[in-house]
Structures are given as structure tokens and as C-alpha cells.
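The values are calculated or read from the model by the stated rules, or taken from the named source; none is laboratory data. The shown structure was predicted, so the numbers you read here are calculated from the model rather than taken from an experiment. All Cβ positions, even for glycine, are placed from backbone atoms using ideal geometry, and neighbour counts span all protein chains on display. Ligands, DNA and RNA are excluded from the accessible area calculation, which covers all protein heavy atoms including side chains. Shrake-Rupley method; radii C 1.70, N 1.55, O 1.52, S 1.80 Å.
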Amino acid sequence: MNPKNSISQIKRLLGRKYSDPEVQRDLASFPFRVTEGPDGFPLVHVRYLGEERTFTSTQLLAMVLSNLKGIAEGNLNAAVVDCCIGIPVYFTDLQRRAVLDAATIAGLQPLRLFHETTATALAYGIYKTDLPENDQLNVAFVDVGHASMQVSVVGYKKGQLKMLSHTYDQSLGGRDFDEALFKHFAAKFKEEYKIDVYQNARACIRLRVACEKLKKVLSANPEAPLNIECLMDEKDVRGFIKREEFEQISASVLERVKGPLEKALAEAGLTTENVHFVEVVGSGSRVPAIIKIITDFFGKEPRRTMNASECVARGCALQCAILSPTFKVREFQVNDGFPFSIALSWNGDSQNTPQQTLVFPKGNAIPSTKVLTFFKSSTFEVDVLYVDPNGLQIPQKISTYTIGPFQTSKGEKAKLKVKVRLNIHGTVTVDSAIVNAGG
Ligand SMILES: Nc1ncnc2c1ncn2[C@@H]1O[C@H](COP(=O)(O)OP(=O)(O)OP(=O)(O)O)[C@@H](O)[C@H]1O
Ligand SMILES: [Mg+2]
């Protein structure tokens, strides 16, 4: 075991400030050392090639991607450059850009950053031969992973899928159950064995690992034992828990499962009767209490048609093949939707009156372009903003563009056409500004 040098959950650090409350909460349980870099982003400390080194999360992701590239190249016996990378739907502009940067460092060229929800939906639908010609088949996908939960409602017709809604809780997943068990047994062992695992990093890790195993056993059995030899102070510990008690101690986690389900249905504009099938993916959903909540909510048994660990990768591979000129794939249209509302804001004529317009409302098709018209006499700035960053603890502003200088005729205002793009990766850019002479 080399806990201080085994880096995991890079996804949690990527594109997030060190001061982000979510990052701070995560750091409390990470065994490796993370400090704040000069730019305010986390730096991970490791011993690398015999030296103490620090890496950004982008660099670490690049190492993972580079390793994956090597594996793929070994298997295919050919160079791999084009790829499609699965990302959680809740990834912000900054997180998406960090993934793109990591891919570039690894020598990869992403044809698309693809929402995990959409990848799953594509892998499910593309080979389905019984999709209706006219009526829409509505399928809800519930993915409970290690750290997060994502829900999507997808409308299928022959040869196409449309993302009707996707919702998420970016901090609700299997690890929360591990943590509930961990706290439970840490307290128990303190009382019974007079050991405080919080004082010993190695004991913490061993107890966490044992709790994760225990949780898995409880998915199949109504009760489970926990035995760890020499956990701390040369003491062997023994514990035991019933599924019922496990559900009680994780009640606060279970309570949160329903929220994203309700929201997904409401945003898709459907009732549970209009959802024809419910599919669960993600191994975190193996907890029986989660399945019960999903079953009660939709009023039907969820299915597990897909290989839960492979569906995102399969969907990404299919999307990559669809986008690549090298492969021939059956016709299937993927109409994805963007999970955030994006606005542009700028200063009005009297300089102090900020104006704002919604450019891409939530659910907007990806990719998409909009052209806005401005009448301006001199250089000006536009900000790209999240309209409602609520639920995401991030700054509202994504980026600022300076538009100008441009020529105007004698005190007249120029007419400018500003092109804003929501690109295929789900990042927003101001692509161009053209002075329209006819202004
Ligand atoms: N039999 C099981 N019963 C309960 N939980 C399980 C079982 N098998 C795996 N898990 C849990 O599933 C989680 C991993 O699921 P998955 O592989 O879908 O996550 P991930 O995709 O890596 O995470 P995320 O989607 O949050 O980024 C872990 O918390 C693991 O403990
Ligand atoms: Mg996952």
C-alpha cells in the first residue's frame, strides 16, 4: 500500500479552485497531499521518479489519458490520436477546458467531449431495432457512481435520440455510503477498542477499504461482518452490521436520491406514466435501498440492460466512430442538450448600465451558434456568464472578450455582428465580431 502516492478521484479536483468548499470537503478524506498553487488551483504532491514533485490535476489527467492511449495503441497496433472523452454532464466550462488541455498534453485530439449520460443513451439506443417510427419511446437513465449521481430522460425514435433532460447531484454516490459506514465503525471502535483511527492515516485507509467491501456484501446479503487484523495499536477489530442498520445510518444520503429524479422528470415535461423504461447504470446503484427509491418513484422496476461499467466507454467509442471519417457506423442521430443557461452581458451606453441577454438556454442543442447585433461607437467588453450557477459552487463569469477597436464614421455607431458558439465539447466562445458596413 502506498497511499500518499496513489492518486485517485482526479475528476473531483479538475478545474476547481483549492478554496472550493467541495474540494475542501474531499481533501479531508484523500490520503495524498494537496496544497494551493499560486493560481489558486490544487497542486498534488507525490514522489515521482525519486523526487518530491507537484502536479496539477490537468497534468495528472494527462498521465492517465496518455496511459490509456498507450493501451489502445498496443491493442490496435496503430497510433491513436482521435478520441471521444466521456465527462459528467455537470462539468463546467473550466472543467471541460481542463479535460481538453489534458488530452492535448497526452497527444490526443478529442473529436468530442461527450456527456456520460448521452454516451449511455447512445450505447443503449443505437442497436435497438424496435425503436418507433413516430411515437417517442421515453427512457430514464439513472447513473449512481462513486462520487456523483446523474439522471437523464431520453426520447428515442427510429435512428435518433433526443436528450430531454439531464440532472445531477455532483456529490452523491457510493462513497457517501462508505463514509457513513466508516464513521459508524470509527466511533464503535473508539468505544470498544479505545483506538482513534482518525489519528492514523493507514488505519483510516484500511477501514475505508473494509467499509466499501462491507457495503458491497450488504447489497447481496441482509447482514455482514467486518474483521480487520492489526488495525491500530496492534489490535484486531471485529464488527457486524445488518442491512437495516446500514440504511438507517445512511438515511441522509438516501434522502437525496429522489431530488434529481423529480427534477429530471419535470424538466423533460413528463409524468412517470410517460416514461416507458427505467435503466440503472453505475455500480453505486447496486445498493438495494437506492433501487427501492427508484422503483417507488417511477412505479416500475428499473432494468439493468447495460453493462454498468462499460456503457459510457461504449457510447464514447460509438460517438467517436460516428464522427470519424475512417469508420462506417449505422445512421443514428444524437441530439444532445446543454445542461446550463448561458448569457452574454455588457455595459450599456451610459457605461454603468449592465445589459444581459440569454444566449443559450438550458437544454439548448449542442453544438449551436448564435449571432448578436450590437450598435457601438468604441471598443467594448462582453462577459460570458452562467445565468444560474446555483447548485454549482462556481463564479458566475466564464470569460471576458474585448471587442474592438473598429472604425466608425463620424460619431456614428457601428453595427457589429458578434458570433457566439456553444461548441461540440460544451464550451462557450465568442468566435468573431464583424463590422457591418451597411450599419
Ligand atoms: N455490489 C455493489 N454494491 C454496492 N455498491 C457497489 C457495488 N459494486 C460497486 N459498488 C460501488 O459503486 C461505486 C463505483 O461505481 P462506478 O464505477 O459506476 O463509479 P464511477 O463511474 O467511477 O464514479 P462517478 O460516476 O461518480 O465518477 C463505488 O462506490 C463502489 O463501491
Ligand atoms: Mg460514472
Quiz item: Is it the case that the range 293-314 has a residue that's touching a Phe, Trp or Tyr at 6+ places or on another chain (Cβ under 9 Å), open to solvent by 50 Å² or more (accessible area, probe 1.4 Å) and aliphatic (A, V, I, L, M)?
Solution: no
Exercise. Return the residue satisfying two criteria in turn: it lies in the range 89-145 and is in contact with a His (Cβ under 6 Å, 6 or more places away or on another chain) and either within 16 Å of ligand 1 (Cβ to nearest atom) or among the small types (G, A, S) (or both), and of such residues it is nearest to L172 (Cα to Cα).
Key: V89
Quiz item: Of the residues that sit in the range 65-88 and are open to solvent by less than 30 Å² (accessible area, probe 1.4 Å) and away from ligand 1 (no atom under 16 Å from the Cβ), which one is nearest to G426 (Cα to Cα)?
Solution: C84
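For every residue, the table says whether it meets (1) without any contact (Cβ under 8 Å) to a residue 40 or more places away in the chain; (2) in contact with a strand residue (DSSP E or B) (Cβ under 6 Å, 6 or more places away or on another chain).
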{"site": "T35", "(1), (2)": "yes, yes"}
{"site": "R47", "(1), (2)": "no, no"}
{"site": "E52", "(1), (2)": "yes, no"}
{"site": "K69", "(1), (2)": "yes, no"}
{"site": "N75", "(1), (2)": "yes, no"}
{"site": "L100", "(1), (2)": "no, no"}
Quiz item: Regarding F375, is this residue away from ligand 1 (no atom under 16 Å from the Cβ), in a loop (DSSP other than H, G, I, E, B) and hydrophobic (A, V, I, L, M, F, W, C)?
Solution: no
Quiz prompt | Residue identified as modelled with pLDDT of 95 or more and touching a Leu at 6+ places or on another chain (Cβ under 7 Å) among V435, V428, V387, V371 | solution = V428
Practice problem: Please state which of the following conditions A121 fails to meet, knowing it meets all the rest: (1) over 22 Å from T271 (Cα atoms); (2) among the hydrophobic types (A, V, I, L, M, F, W, C); (3) within 16 Å of ligand 2 (Cβ to nearest atom). | Solution: (1)
Quiz item: Can V329 be described as part of a loop (DSSP other than H, G, I, E, B) and among the hydrophobic types (A, V, I, L, M, F, W, C)?
Solution: yes
Quiz item: So which strands (runs of 3 or more DSSP E) stay within the range 397-439 end to end and still have 3 or more residues that are open to solvent by 40 Å² or more (accessible area, probe 1.4 Å) and among the charged types (D, E, K, R)?
Solution: 414-422
Quiz prompt | Hits in the range 332-346 (condition: open to solvent by less than 70 Å² (accessible area, probe 1.4 Å) and either among the polar types (S, T, N, Q) or in a loop (DSSP other than H, G, I, E, B) (or both)) | solution = F332, N335, F338, P339, F340, S341, S345
Quiz item: If the Cβ limit is 8 Å and pairs must be 6+ apart or interchain, which residue in the range 354-369 that is without any contact (Cβ under 8 Å) to a residue 24 or more places away in the chain pairs with which residue that is loosely packed, with under 14 Cβ neighbours inside 10 Å?
Solution: P354/G348; Q355/G348
Practice problem: Considering only the range 10-59, state which residues are of a type in the set (S, T, N, Q), within 22 Å of A102 (Cα to Cα) and open to solvent by less than 50 Å² (accessible area, probe 1.4 Å). | Solution: T35, T56, S57, T58
